[in-house]
Amino acid sequence: MTSTTTINGRRNGVHPEPVPERDPLWDSFPPAVTQRLGEPLDEGLVSHRKGRGNRSFAYLEGRTVIDQANRVFGHGAWGYDLVGDVTLREGESVDAQTGEVKPWRAYAATVRVTVPGSRPRTDVGFQALAEETAEGHETAYKGAVTDALKRALRSYGDQFGNGLYGDGATGDLAPSLRKTLLGLSACRGFDEAQVRAAVRDRTGKDLEELPVTALTPLVESTARKLGQDGAEPTPKAA
């Protein structure tokens, strides 16, 4: 008859295979979520703004990102929280041309996104203070949190606008701008053929030939006219 001695939970002379640690909450995404993350971003969700050098930049608005998270992960199946406090920071910047020193103030925030099936994602956000009023501080405070949330969700890929950033991203804006232009024009009652004809008359080029620098003012002009009462019955700006 033989006997064994238990040492620190292991029987002497017996070496069981290690059991890997497993947390069922962080095992993997459901197949449906993985499929949605692999889909291309709907270009109709992309917004555009002018930035430095009169360049056009593509981005997703905060409410769009939240809607995307609800669609991809499911309502109530994800969440986010602040890490630490939202802080007001101060500094100075120097104008490269004039040498003028200008002070700046901005809020900074850190947000952690939690989605079952992956490790938490954390990133920081920043929003400059535009005016020294209660409303100005509120806007910058909330903007920093929204910016941090958007940046944290970007790590999940193109469904959250990650493909809109980085070198060469601006060059990919033309398809999105064309789609936006056609969509805005449709809201004004013009079909695609009318829009293409108007673009050709105005620019001398086909819609696909226009670069971002030419498409951006057309989109902005059409958007302004859409918001005006008594829109013109001809697609001049389209």
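Tabulated data for the structure shown
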| quantity | calculated |
| --- | --- |
| Net charge of neighbours whose Cβ lies under 14 Å from the Cβ of ALA109, counting Lys and Arg as +1 and Asp and Glu as -1 | 0 |
| Extension gain (nm, one decimal) between THR34 and THR139, 0.36 nm per residue minus Cα-Cα | 34.3 nm |
| Protection proxy ranking, peptides 66-75, 188-197, 104-113, average beta carbon neighbours within 10 Å, highest first | 104-113, 66-75, 188-197 |
| Rg ratio (alpha-carbon, reference 2.2 N^0.38 Å) - segment 91-164 | 1.40 |
| Rh by Kirkwood over Cα pairs, then Stokes-Einstein D for segment 50-125 at 0.890 mPa s and 25 °C, µm²/s | 155 |
| Computed FRET value (nearest 0.05) for THR203 with LEU45, which takes r as the C-beta separation and R₀ as 25 Å | 0.40 |
| Theoretical FRET efficiency, 1/(1+(r/R0)^6), r = Cβ-Cβ of THR114 and LYS179, R0 30 Å, to 0.05 | 0.35 |
| Simple label model, 7 Å out from Cα along Cβ direction - GLU192 to GLU220, nm | 2.7 |
| FRET efficiency estimate (nearest 0.05) - Cβ-Cβ, ASP67 to THR87, R0 25 angstrom | 0.30 |
| For VAL83, residues with placed amide H under 5 Å, excluding near neighbours | THR110, VAL111, ARG112 |
| Amide H contacts under 5 Å for ARG89, placed H, 5+ residues apart | ALA106, TYR107, ALA108 |
| Electrostatic dipole magnitude of segment 95-138 [Cβ: Lys, Arg +1; Asp, Glu -1; Cα centre; debye, to 20] | 500 |
| Computed accessible area, GLU61, all protein chains, 1.4 angstrom probe, square angstrom | 50 |
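The values are calculated or read from the model by the stated rules, or taken from the named source; none is laboratory data. Since the model is a prediction, treat every value here as computed from it, not as a measurement. We place every Cβ from the backbone using ideal geometry, glycine too, and count neighbours over all the protein chains shown. Accessible surface is based on the protein model in full, side chains and every heavy atom, while ligands, DNA and RNA are left aside. Shrake-Rupley method; radii C 1.70, N 1.55, O 1.52, S 1.80 Å.
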